[in-house]
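K.L.:
Below you'll find the structure I mean.
The values are calculated or read from the model by the stated rules, or taken from the named source; none is laboratory data. Everything numeric here is computed off the predicted structure, so don't read it as measured data. Here the Cβ positions follow ideal geometry from the backbone for every residue, glycine too, while neighbour counts run over all protein chains shown. With ligands, DNA and RNA removed, areas are computed over all heavy atoms of the protein, side chains included. Shrake-Rupley method; radii C 1.70, N 1.55, O 1.52, S 1.80 Å.
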Amino acid sequence: MKRIFLLLVAMCAIWPATAQQNMTVMFYNTENLFDPTDDPEKNDDDFTPQGSYRWTEKRYHDKLDAVGKVIAAAGNDLCPALVGLCEVENNRVLEDLTEHSVLKNAGYRYVMTDSPDKRGIDVALLYRRTDFRLISYGSIRIRLNGNGSKPTRDVLHVTGRIASGDTLDIYVCHWPSRIGGEKDTEHLRMTAAKTVKASVDSVVMARRKPYVIIMGDLNEGPESPAVISGLKAAPFVQGAELDDGCLVTVMDAVSQGSYRYDGYWDCYDQFVVSASVLNGLGCVEFESVKVMDETFLLEDDDKYGGMKPWRTFNGRRYQGGFSDHLPILMTVSY
């Protein structure tokens with residue numbers, strides 16, 4: 001027994017340390033990922049076989065495969081460990097995406113919200129169980145005030161543990177849209193931002209070492225009041241100087257936008273992280289961030305020149321593309 005013990009000690013002394021691991025986090029606005037079945041409680045009539053988009057089972061499954069191909073292409077050797085999604089309709093959509101599309105062998109599980117949004121669209125998180133051990137999840141209701149304010153999407157808060165033993169708190173968001181005018185709807189996104197910030201503050205108080213990742217279609221850029229004043233997110237260049245629990249936007253380090261409107265690119269799809277991911281004082285460290293702008297996701301912009309995201313529909317005309325948004329990718333190491 002003594003000889004065996006000494007042998008084990010010697011092996012531990014020469015055994016190489018566990019290599020640093022990279023983890024890819026993705027967010028993707030899938031643009032109207034509906035199933036073709038009419039839900040009488042939701043305004044989804046357009047996305048049925050008899051609806052204005054003639055949304056058939058074939059078009060639905062082609063869309064699932066298209067989304068799956070984008071997710072699969074986002075990884076190097078493996079699909080991303082975590083994938084935040086928005087504009088997904090229900091559990092059937094997520095089940096079909098993870099079990100009956102090109103992602104069926106990727107090992108994804110999912111959690112999602114059940115929001116009061118009139119159209120029935122929600123947010124979700126796909127996670128690979130080999131990379132992320134789910135601890136808990138829940139929805140955060142955004143309570144909007146004001147005349148004519150429509151119910152909006154809940155925020156999904158997911159807590160899990162990665163292989164290093166560290167805990168991640170993930171927030172997946174789809175903040176209120178700009179329909180009705182940017183300024184007239186700005187207060188709605190400010191409400192969403194302050195709601196998320198209140199939850200993050202609670203997490204920071206509860207965690208010895210908080211690691212927070214906020215991802216989503218915020219319908220605002222990194223420099224907007226909702227991000228700067230609502231979330232109180234500092235610019236990327238300040239991240240290394242801040243205390244662990246402060247929030248930092250990382251998308252202002254990226255020149256490429258994720259959404260194009262009237263010939264102009266905007267970065268409405270964002271990652272915001274706790275400074276603990278940036279300041280070098282923890283185990284989870286930021287490596288890189290990018291907009292996934294591969295050519296297969298783009299088409300010519302005949303009206304304004306250049307390229308734009310290749311959508312599933314151009315108006316009501318089916319063209320079999322992907323989405324009106326480009327995905328965003330962030331890599332962290334631990």
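K.L.:
Taking the range 245-287, which residues are in contact with a helix residue (DSSP H, G or I) (Cβ under 8 Å, 6 or more places away or on another chain) and of a type in the set (Phe, Trp, Tyr)?
P.N.:
Within the range 245-287, Phe271, Phe286 qualify.
K.L.:
Okay, next question. Can you name the number of the only condition in (1) closer than 21 Å to Leu33 by Cα; (2) among the hydroxyl-bearing types (Ser, Thr, Tyr); (3) touching a residue at least 12 places away in the same chain (Cβ under 8 Å) that Thr249 fails?
P.N.:
(1)
K.L.:
Given (1) assigned to a loop (DSSP other than H, G, I, E, B); (2) modelled with pLDDT of 95 or more; (3) touching a helix residue (DSSP H, G or I) at 6+ places or on another chain (Cβ under 7 Å), identify the lone condition not met by Asp96.
P.N.:
The one condition Asp96 does not meet is (1).
K.L.:
Just give me the residues in the range 117-130 being open to solvent by 10 Å² or more (accessible area, probe 1.4 Å) and either under 16 Å from the mean Cα position of the chain (by Cα) or modelled with pLDDT of 95 or more (or both), in sequence order.
P.N.:
Matches in the range 117-130: Tyr127, Arg128.
K.L.:
Given the residues Gly180, Gly160, Gly138, which is the only one that is touching a residue at least 24 places away in the same chain (Cβ under 8 Å) and not basic (Lys, Arg)?
P.N.:
None of the others qualify; the one that does is Gly160.
K.L.:
Among the candidates Val158, Val88, which residue alone is within 28 Å of Leu297 (Cα to Cα) and either out of contact with any Cys (no Cβ under 9 Å at 6 or more places or on another chain) or open to solvent by 20 Å² or more (accessible area, probe 1.4 Å) (or both)?
P.N.:
Val88
K.L.:
Step by step: first the residues of the range 36-52, then only those that are in contact with a Ser or Thr (Cβ under 9 Å, 6 or more places away or on another chain) and over 16 Å from Asp117 (Cα atoms), then the one that is most open to solvent (accessible area, probe 1.4 Å). Which residue is that?
P.N.:
Result: Thr37.
K.L.:
Would you point out which residue out of Gly315, Gly282, Gly321 is more than 18 Å from the chain's Cα centre (by Cα) and at positive phi?
P.N.:
Exactly one residue qualifies, and that residue is Gly315.
K.L.:
I need the full set of residues from the range 266-305 which are of a type in the set (Phe, Trp, Tyr) and either surrounded by fewer than 22 Cβ atoms within 10 Å (Cβ to Cβ) or part of a strand (DSSP E or B) (or both), in order please.
P.N.:
Answer for the range 266-305, where residues must be of a type in the set (Phe, Trp, Tyr) and either surrounded by fewer than 22 Cβ atoms within 10 Å (Cβ to Cβ) or part of a strand (DSSP E or B) (or both): Phe271, Phe286, Phe296, Tyr304.
K.L.:
Mind checking whether some residue in the range 106-116 is out of contact with any Asp or Glu (no Cβ under 7 Å at 6 or more places or on another chain), within 19 Å of Ile213 (Cβ to Cβ), open to solvent by 30 Å² or more (accessible area, probe 1.4 Å) and modelled with pLDDT of 95 or more? Before you say what the answer is, go through the steps one by one.
P.N.:
Start the filter on the range 106-116 by keeping residues that are out of contact with any Asp or Glu (no Cβ under 7 Å at 6 or more places or on another chain), which leaves 106-111, 116.
From what is left, the residues that are within 19 Å of Ile213 (Cβ to Cβ) are 108-111.
From what's left, open to solvent by 30 Å² or more (accessible area, probe 1.4 Å): 109-110.
From what's left, modelled with pLDDT of 95 or more: 109-110.
Taking every residue of the range 106-116 in turn, at least one turns out to be out of contact with any Asp or Glu (no Cβ under 7 Å at 6 or more places or on another chain), within 19 Å of Ile213 (Cβ to Cβ), open to solvent by 30 Å² or more (accessible area, probe 1.4 Å) and modelled with pLDDT of 95 or more.
K.L.:
Tell me which residues, restricted to the range 244-260, are more than 22 Å from Ile71 (Cα to Cα), at pLDDT 95 or above and within 21 Å of the chain's Cα centre (by Cα).
P.N.:
Within the range 244-260, Gly245, Cys246, Leu247, Val248, Thr249 qualify.
K.L.:
What tally of residues in the range 53-77 results from selecting those that are within 18 Å of the chain's Cα centre (by Cα) and either crowded, with 21+ Cβ neighbours inside 10 Å or not charged (D, E, K, R) (or both)?
P.N.:
Residues in the range 53-77 being within 18 Å of the chain's Cα centre (by Cα) and either crowded, with 21+ Cβ neighbours inside 10 Å or not charged (D, E, K, R) (or both): 10 in total.
K.L.:
Related question: Working carefully through the options Ala233, Ala275, find the one that is in contact (Cβ under 8 Å) with a residue 24 or more places away in the chain, within 18 Å of the chain's Cα centre (by Cα) and over 29 Å from Leu64 (Cα atoms).
P.N.:
The unique qualifying residue is Ala233.
K.L.:
Which members of the range 182-213 meet the condition of being of a type outside the set (D, E, K, R) and open to solvent by 30 Å² or more (accessible area, probe 1.4 Å)?
P.N.:
Those that are of a type outside the set (D, E, K, R) and open to solvent by 30 Å² or more (accessible area, probe 1.4 Å): His187, Met190, Thr191, Thr195, Ala198, Ser202, Val204, Met205, Ala206.
K.L.:
Would you be able to say whether some residue in the range 75-82 is assigned to a strand (DSSP E or B), farther than 26 Å from Arg317 by Cα and touching a strand residue (DSSP E or B) at 6+ places or on another chain (Cβ under 7 Å)? Show your work before the answer.
P.N.:
If we filter the range 75-82 for residues that are assigned to a strand (DSSP E or B), which is where we start, we get 82.
Still in the list and also farther than 26 Å from Arg317 by Cα: 82.
Still in the list and also touching a strand residue (DSSP E or B) at 6+ places or on another chain (Cβ under 7 Å): 82.
Taking every residue of the range 75-82 in turn, at least one turns out to be assigned to a strand (DSSP E or B), farther than 26 Å from Arg317 by Cα and touching a strand residue (DSSP E or B) at 6+ places or on another chain (Cβ under 7 Å).
K.L.:
Can you give me the number of residues within the range 222-255 that are outside any strand (DSSP E or B) and open to solvent by less than 10 Å² (accessible area, probe 1.4 Å)?
P.N.:
8
K.L.:
Restricted to the range 161-181, and to residues that are under 27 Å from Lys209 (Cβ atoms) and more than 15 Å from the chain's Cα centre (by Cα), which residue is most open to solvent (accessible area, probe 1.4 Å)?
P.N.:
Among residues in the range 161-181 that are under 27 Å from Lys209 (Cβ atoms) and more than 15 Å from the chain's Cα centre (by Cα), the one most open to solvent (accessible area, probe 1.4 Å) is Arg161.
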